[in-house]
1. Relative contact order (percent) for the chain, with alpha-carbon contacts under 8 angstrom and 6 or more residues of separation?
2. When only DSSP loop residues count, what GluC sites (Glu not before Pro) in the range 42-115 have their Cβ near at most 10 other Cβ atoms within 10 Å?
3. Could you tell me the accessible area of Thr312 in Å² (1.4 Å probe, neighbours in place), rounded to the nearest ten?
4. Would you work out what percent of the accessible area of the chain, with all protein chains in place, is carbon or sulfur (probe 1.4 Å)?
5. Cα axis of helix 203-223 to longest principal axis of the chain: angle in degrees, 0 to 90, nearest 10?
6. Once Lys and Arg get +1 and Asp and Glu get -1 on their Cβ, which of Thr312, Leu188, Ala203 lies farthest toward the positive end of the dipole of the chain?
7. What does the helix-only formula give at 222 nm for the chain: each DSSP H stretch with n ≥ 4 adding -39500 (n - 2.57), the total divided by the residues, and the result rounded to the nearest 500 deg cm²/dmol?
8. Extending each Cα 7 Å along its Cβ direction at Glu94 and Ala24, get the distance between those two points in nm, one decimal.
Amino acid sequence: MASIPLGPLGTQSPLSAALITVGAITAVSITYTLVRFVASTFLLPGTPLSTFGPKGSWAVVTGASDGIGKEFALQLARKGFNLVLVSRTQSKLEALAKSIEGVEVETLAIDFSKPTETDYVHLENVLGGKQVAVLINNVGQSHSIPVPFNETDTGELQNIIQINCMGTLRVTQTTLPHMLPQKKGLILTMGSFAGLTPTALLATYSGSKAFLQAWNNALATELAPQGITCYLIHGYLVTSAMSKIRRSSWLIPSEKVFVKSALAKIGRRGGSLGFTYSGTPYWSHALFAFVVTGASLASDFSQKVVYGINRTMHVDIRRRALRKAERDGKKL
């Protein structure tokens, strides 16, 4: 067994004392991180929705006609929030509005891939006179299948940036003036694991979600003194039209289960290490994020391993999608 170097009269040398101190700090840091992860993911509730506004105040949901956005609308309505639902297809919005009872519902059709200034004027008019407590920035688009960046269709590339980035920014900028007078409110933005760790073959989508991460952090810092909470969700796969997955599992929850978890864990970070004002509310996503972000923070080598695993997974997804398209006689 190696002995600890001693200084004069048996005292520890400065080097030994420094090493022991560093070891102690590292042990405390690791313990704190593990305890925080377990508490945040499994034990502690998030900030209650009532903190952001009473029943009868308004929630705005983008991408509301399908999937996760639709589920946000349904669950917010059950909690007593009136709704402004924004999405591309008016007929779907009207069908959803008719299915919701007990609260007021207004709809607005905007195609975020090619919005006009008139669209945002209409949104401003719809919000006029309303006290908005919650904004759900859910609208988004990914690639149709994983694709090398140099082969990405220009239209798809432009749509991803226009919808994910500009659409989110413009809706938030239009909605904020209807939150600020109350000096409280929630801006919840849907991020992605593709923004949590760079994802090959989804480069444009990954970049757009990383942009939202940085923007959310900046906005959260800016608006906190005014009582507005900004929270970005790092979501992994969920059964939805975007993921093209229909069967749920322990790692891939249904939209209903995922949204319930998201609304119950507002402000909790889960497994998203090193990301402030963000979280992974669903428990298996939190476990996955804890491993991914922990590895990424550990070393440059660990980062490259994570990126490589991500790339291999999406290369395989692309290969299978192309084979299926070939069998079906389709062109992707």
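The values are calculated or read from the model by the stated rules, or taken from the named source; none is laboratory data. Quantities reported herein were computed from a predicted structural model and do not represent experimental measurements. Positions of Cβ are backbone-derived with ideal geometry, glycine not excepted, and every protein chain shown enters the neighbour counts. Please note that ligands, DNA and RNA were not included when accessible areas were found on the heavy atoms of the full protein model with its side chains. Shrake-Rupley method; radii C 1.70, N 1.55, O 1.52, S 1.80 Å.
1. Reported relative contact order: 16 percent.
2. On the way: sites: Glu71, Glu94, Glu101, Glu104, Glu106; in loops: Glu101, Glu104.
In loop regions of the range 42-115 (DSSP not H, G, I, E or B), the sparsely surrounded GluC sites (Glu not before Pro) are Glu101.
3. My reading of the accessible area for Thr312 is about 90 Å².
4. On the way: 10130 of 16900 Å².
Carbon and sulfur: 60 percent of the exposed surface of the chain.
5. 90
6. Of the listed residues, the answer is Thr312.
7. So the calculated ellipticity at 222 nm is -15000 deg cm²/dmol.
8. 7.1
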